[in-house]
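Below: the structure, in structure tokens.
Taken together, the values in this text are just the output of simple stated rules run on the coordinates, not laboratory data. Just so it is clear, the model here is predicted, and its values are computed rather than measured. No Cβ is skipped: glycine too gets one built from the backbone with ideal geometry, and neighbour counts run over all protein chains shown.
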Amino acid sequence: MVLDVDGWVGHVPGQHVDVRLTAPDGYTAQRSYSISSAPLPDRFEVTVQTVADGEVSPHLVDVAEPGDQLEIRGPVGGWFVRRPTDPRPALLIGGGSGVAPLMSMVRAATAPTRLLYSTRSPSDALFTADLASAEAAGGDLVAVTHVYTRVAPAGWPAPPRRLDADTLARVAWPHDAHAVAFVCGPTGFVETVADLLVTIGHNPATIRTERFGPTKG
Amino acid sequence: MSTTTVGADDPHWVDGNALAGPLGEIMGADLTVADLTCAGCRMTRPLAAMRVFDRAPGLVARCPGCGDVVMRLVRTTARALVDLRGSLVVSLPLPRV
Amino acid sequence: MAVISRGFGGRRRDDTDLPPGQYHTDDFPVLSAGPTPRIGLDTWELAVITEIGERSTWSWAEFTALPADETTVDIHCVTHWSKLGTRWRGVSVDTLLADVESSAEYVVAHSYGGYTTNIPLEDLLDGQAWVAYEFDGEPLAAVHGGPARLLVPHLYFWKSAKWLRALELRHDDEPGFWETAGYHNYGDPWREQRYLAD
């Protein structure tokens with residue numbers, strides 16, 4: 001979903017916006033959405049996953065039309081961000097729709113960036129084409145690795161399985177690279193990956209996480 | 001008394017990052033990058049790394065180490081309340097000059 | 001000035017038989033200010049503590065052997081949802097306090113997990129409140145406050161403390177978890193006493 005905002009000065013990759021809907025009687029509902037575009041003036045993209053019995057996402061996906069006005073607050077969040085001035089290499093690990101803020105980091109990468117993206121199957125993956133072109137355009141700067149936990153494409157080198165320490169260790173930067181790690185996904189995924197990162201020797205102080213709770217949509 | 005709480009598989013919380021908007025609206029600054037010292041276990045962490053229970057009458061941030069409440073945020077009709085009795089110190093980075 | 005979102009009505013309906021500002025839901029939303037405590041029935045205990053510190057306690061077996069009521073009530077959450085005709089089984093607070101000597105006027109309900117809420121004692125008596133352990137014919141689920149929760153349906157539902165551990169009788173009123181953070185001290189849904197100043 002692409003939003004045009006006059007005077008929007010861009011964001012720092014990793015930040016989110018809060019979207020607030022207001023009914024005629026004053027009732028409001030608010031949700032946070034990660035920005036997945038690269039920083040640009042006046043326009044940004046958020047990823048909205050429809051939650052069937054949700055309150056906000058079905059409205060944004062099924063009711064809202066181009067031209068409608070939305071009340072947003074943002075960009076917000078100064079913690080789960082990768083600043084363009086940060087020269088350290090980064091390992092980004094996304095689970096499911098948790099790839100959204102990492103997509104912004106990949107698109108805006110100015111330092112070496114590896115993305116490990118875990119989904120159930122290839123068809124569950126978001127941004128497949130964008131990731132491929134970001135990787136191609138990024139040269140040596142960007143590397144993308146997909147892992148599938150349920151269904152892998154034919155001829156895929158690894159059988160589908162949960163992300164484990166071995167897979168992580170193969171993608172992770174060497175210790176002397178002093179890399180930072182950003183992990184985003186469902187709560188259980190983030191918890192597991194953060195633990196695995198520490199297990200394989202990543203400095204806990206340079207792991208930043210963003211958990212999606214159970215979506216209330 | 002054996003009270004156990006579930007951590008990893010308890011689904012009803014998000015990271016403190018989620019407070020950036022609601023707190024920013026009230027305080028005019030991004031408090032999620034502030035370090036909070038938990039009054040329960042004395043550990044210091046950024047607010048962004050606390051656990052926020054957001055399905056409640058207010059937003060409740062808890063220390064991931066000991067589970068104690070470090071911050072509560074409640075919006076009433078005309079006011080917003082930020083309760084910090086669970087934090088001993090709130091330390092904010094100054095803007096770089 | 002808020003932007004009215006075209007076509008957005010939220011989940012609200014016009015329900016004139018509900019307290020002001022409430023909408024009707026058939027779900028049973030789970031609201032929680034912290035992780036769900038899991039309490040083994042072998043170690044579970046309910047206590048009534050008087051203003052001079054005298055404790056009466058019940059093990060799970062003792063508690064569930066007490067005379068219990070079936071009650072069907074409407075519940076009203078301060079976050080605007082109401083659920084009508086909910087069916088509970090539990091022990092009336094009158095039964096728990098029958099042999100307790102006290103001249104206290106206030107009660108603090110204490111939960112496993114540390115939650116507290118305050119209620120005038122008279123609001124818990126005369127068949128107005130229960131310690132409930134079954135919902136809709138089933139053992140009360142942990143996410144809804146099991147093994148046992150307080151049920152005070154005539155007040156906003158945050159007063160119906162989940163995972164009840166003790167009722168503390170006091171001479172003075174001691175505001176609880178939400179009452180110290182901007183919510184109303186009494187919480188009558190029909191007078192829409194949501195917040196401190198309401």
Quiz item: For chain A, what does -39500 (n - 2.57) per DSSP helix run (n ≥ 4), summed and divided by total residues, give at 222 nm, in deg cm²/dmol to the nearest 500?
Solution: -5500 deg cm²/dmol
Quiz item: When the helix-only estimate is applied to chain C (DSSP H runs of n ≥ 4, each -39,500 (n - 2.57), divided by the residue count), what is the mean residue ellipticity at 222 nm, nearest 500 deg cm²/dmol?
Solution: -1000 deg cm²/dmol
Practice problem: Mind checking which of A:Pro41, A:Gly67, A:Val5 is farthest towards the positive end of region A:2-76's charge dipole, using Cβ charges of +1 (Lys, Arg) and -1 (Asp, Glu) about the Cα centre? | Solution: A:Pro41
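So, R0 is 30 Å and r is the distance between the beta-carbons of A:Ala129 and A:Arg170; what FRET efficiency does that work out to, to 0.05? Each step should come with its number before you reach the end.
Details: r = 25 Å, r/R0 = 0.82.
The calculated FRET efficiency here is 0.75.
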Quiz item: Hey, if you put +1 on the Cβ of every Lys and Arg and -1 on every Asp and Glu Cβ in region C:43-191, which of C:Ser103, C:Ala65, C:His171 ends up farthest toward the positive end of that dipole?
Solution: C:Ala65
Quiz prompt | Cα principal axis extents for chain C, largest first, Å | solution = 58, 36, 31
Quiz item: What relative contact order, as a whole-number percentage, does chain C give when Cα pairs under 8 Å and 6 or more residues apart are counted?
Solution: 22
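What does the structure give for B:20-29 when I average, per residue, the other chain Cβ atoms found within 10 Å of the residue Cβ?
Numbers: counts 13, 13, 5, 1, 6, 3, 0, 0, 0, 1.
That works out to 4 on average.
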Self-check item: Charge dipole (debye, nearest 20) of region C:79-198; +1 at Cβ of Lys and Arg, -1 at Cβ of Asp and Glu
Solution: 600
Quiz item: What ranking, highest mean first, results for peptides C:158-168, B:41-51, A:145-155, B:24-34 when packing means the other Cβ atoms within 10 Å averaged over each residue?
Solution: C:158-168, B:41-51, B:24-34, A:145-155
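Rounded to the nearest 20 Debye, what is the dipole magnitude of the protein assembly as shown about its Cα centre when Lys and Arg each give +1 and Asp and Glu each give -1 at the C-beta?
Working: 43 positive and 63 negative charges, 428 e Å.
It comes to approximately 2060 debye.
Loop-only check: which GluC sites (Glu not before Pro) in region C:105-154 are DSSP coil with at most 10 other Cβ within 10 angstrom? Please list the in-between numbers first.
Working: sites: C:Glu105, C:Glu122, C:Glu134; in loops: C:Glu105.
Passing sites in region C:105-154 do not exist.
Report, in debye and to the nearest 20, how large the dipole of region A:2-76 comes out about its Cα centre when Lys and Arg carry +1 and Asp and Glu carry -1 on their Cβ. Let's see the in-between values first.
On the way: 4 positive and 12 negative charges, 63 e Å.
Roughly 300 debye, rounded to the nearest 20.
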Quiz item: Between region B:26-76 and region C:97-150, how many Å separate their Cα centres?
Solution: 28
Practice problem: Have a look at C:Trp88, C:Leu18, A:Thr192 and report the one farthest towards the positive end of the charge dipole of the protein assembly as shown, computed about the Cα centre with Cβ charges (Lys/Arg +1, Asp/Glu -1). | Solution: A:Thr192
Exercise. Just check region B:34-97 against the gyration tensor rule for me: Cα atoms, a ≥ b ≥ c as the square roots of the eigenvalues, rounded for a/c under 1.5, and otherwise prolate or oblate depending on whether a/b exceeds b/c.
Key: oblate
Quiz item: In Å, the Kirkwood hydrodynamic radius of chain A over pairs of distinct alpha carbons?
Solution: 18.1
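With a ≥ b ≥ c the root eigenvalues of the C-alpha gyration tensor of the protein assembly as shown, is it rounded (a/c under 1.5), prolate (a/b larger than b/c) or oblate? Please list the in-between numbers first.
On the way: a/c = 2.01, a/b = 1.72, b/c = 1.17.
Prolate, since a/c reaches 1.5 and a/b exceeds b/c.
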Quiz item: Amide H neighbours of C:Asp74 under 5 Å, counting only residues 5+ apart in sequence or on other chains, H built in-plane at 1.01 Å?
Solution: C:Gly85, C:Thr86
Exercise. Enumerate the calculated ³J(HN,Hα) couplings along region C:74-80 in order (Karplus 6.51 cos²θ - 1.76 cosθ + 1.60, θ = phi - 60°), each rounded to whole Hz, writing x wherever the residue is Gly or Pro.
Key: 8, 10, 10, 8, 5, 7, 5
Practice problem: Once you have a ≥ b ≥ c as the square roots of the Cα gyration tensor eigenvalues for region A:90-212, tell me rounded if a/c is under 1.5, and otherwise prolate or oblate according to whether a/b is larger than b/c. | Solution: rounded
